[in-house]
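The values are calculated or read from the model by the stated rules, or taken from the named source; none is laboratory data. The structure presented is a predicted model; accordingly, all values stated were derived computationally and were not measured. In this analysis, Cβ positions are derived from the backbone assuming ideal geometry, glycine residues included, and neighbour counts consider all displayed protein chains.
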Amino acid sequence: MAQKTILYLITQSELGGAQRYSLDLALALKNEFNVIVASGEENGKSALAEKLKENHIKYYPLPYLKRSISPISDFLALIQIIKLIKKVRPDIIHLNSSKISILGGIAAFISKLLIVNCQLLIVYTAHGWVFNEPLPFWQKLFYKYAEKFTAYFKDKIICVSGFDYKTALAQKICSKEKLVMTHNGISEINFLSRQEAREKLNLPDSGFIVGSIGNLYKTKGFTYLIEATKKLVEGGIDIMTVIIGEGREKKNLTELIKKHNLEDNVILAGRIPEAARFLSAFDIYVCSSVKEGLSYTIIETMLNGLPIIATRVGGNPELIEDGKTGLLINSQDADDLADKIKKLKNDTNRQQELSTKARIKAQEEFNLEKMIRETKEVYKNLK
């Protein structure tokens, strides 16, 4: 019996949560399915494409596919996706992230109408609903109703957190029968030692360091982490904050750091391959996001054994049980964040207690094998 073909479609190729998720599935399933991956690209470069090529997985760039709304580019991307479907003839299309959810859903529907014997099954994984992002009202409304409309074309919608599952029901995105909840999962990580991680990041051997990893987008809330650092420094606390990641907010964050004279206290370390391996360099990990699906970096940090402070958004409360596996704060609240960092910094016993329980929870509930098994079950039950 011939292998079924799965086409993974992703909006962007830079390695964020949706890309990591698709890559993990592609690598795990490449021997059971004919796996193909396609995504938009930034400036013709793609870290995702390189990893796929290293593992002999077919990859197609979609140059017109952009994250932001652009009628001309979006129409051209739609045509590209339809042509790709006609070329590779997938049995299953698995959509990842909101933009491709909409364009990919429409493209798949059109393909079924136009292409002879095109029998597509469509799966969509919502990595956090985009209408929960800090966007203008009209954009929130557009994405909400676009998700509702294109849900008719999808056979299953996977939510990576209970929060997103409940949101889909509350907003009537689709029927309950189409929804399934499967948490993200990761495999064990070969973390660097504390000394080696600090050396490679050019950080001092001693001193208290707060760390965070993520693309430099507004949704990551790094302005609040910088503001919290400012408050702590002004309060006489010796602290350094390191943010690993790259993105369109870099200029604004750099200007904010200069405005507060924090050049010696806040470091934008840029994009670092396998950034999770460097978590050992930090004393506390902070997730300052204003919107999340189910954060890979929080799961990685739980495995590393770092104490975590995270915002009470998206799937974060499913990872961090406040006071047990970490501390939760309200999003966009630099005062609360500064206060929690200060208290945790001065309580090493509390740090150890939180991190030990977090590591156990990550190993038991958020492992890669469980995610792969549950996703394969979704594919198996498609009709």
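Quick grid of which residues meet (1) touching a residue at least 24 places away in the same chain (Cβ under 8 Å); (2) closer than 20 Å to Leu25 by Cα; (3) in the same structural domain as Leu76 (by TED's automatic domain parsing); (4) not in a helix (DSSP H, G or I):
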{"position": "Thr125", "(1), (2), (3), (4)": "yes, yes, yes, yes"}
{"position": "Phe142", "(1), (2), (3), (4)": "yes, no, yes, no"}
{"position": "Cys174", "(1), (2), (3), (4)": "yes, no, yes, yes"}
{"position": "Glu199", "(1), (2), (3), (4)": "no, no, no, no"}
Considering only residues of the stretch 350-380 that are among the acidic types (Asp, Glu) and under 30 Å from Gln3 (Cα atoms), which is surrounded by the most Cβ atoms within 10 Å (Cβ to Cβ)? Glu374
When you look at Thr356, is it more than 19 Å from the chain's Cα centre (by Cα) and either modelled with pLDDT under 95 or among the hydroxyl-bearing types (Ser, Thr, Tyr) (or both), yes or no? yes
Matching residues in the stretch 272-301 - criterion: being within 22 Å of Pro204 (Cβ to Cβ), assigned to a loop (DSSP other than H, G, I, E, B) and at pLDDT below 95: Ile272
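Working only within the stretch 302-349, note down all residues that are outside any loop (DSSP other than H, G, I, E, B), without any contact (Cβ under 8 Å) to a residue 60 or more places away in the chain and surrounded by 15 or more Cβ atoms within 10 Å (Cβ to Cβ).
Correct list: Ile308, Ile309, Ala310, Asn316, Leu319, Gly326, Leu327, Leu328, Ile329, Asp336, Asp339, Lys340.
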When Pro90 is run through (1) within 20 Å of the chain's Cα centre (by Cα); (2) assigned to a loop (DSSP other than H, G, I, E, B), the failure sits at (1)
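Restricting to the stretch 241-263, give me the number of residues that are in a loop (DSSP other than H, G, I, E, B) and in contact (Cβ under 8 Å) with a residue 24 or more places away in the chain.
The first filter runs over the stretch 241-263 and keeps only residues in a loop (DSSP other than H, G, I, E, B), leaving 246-249, 260-263.
Imposing the further condition that a residue be in contact (Cβ under 8 Å) with a residue 24 or more places away in the chain reduces the set to 246-249, 260, 262.
Final tally of qualifying residues: 6.
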Determine whether the stretch 64-72 contains at least one residue that is under 20 Å from the mean Cα position of the chain (by Cα) and at pLDDT 90 or above. no
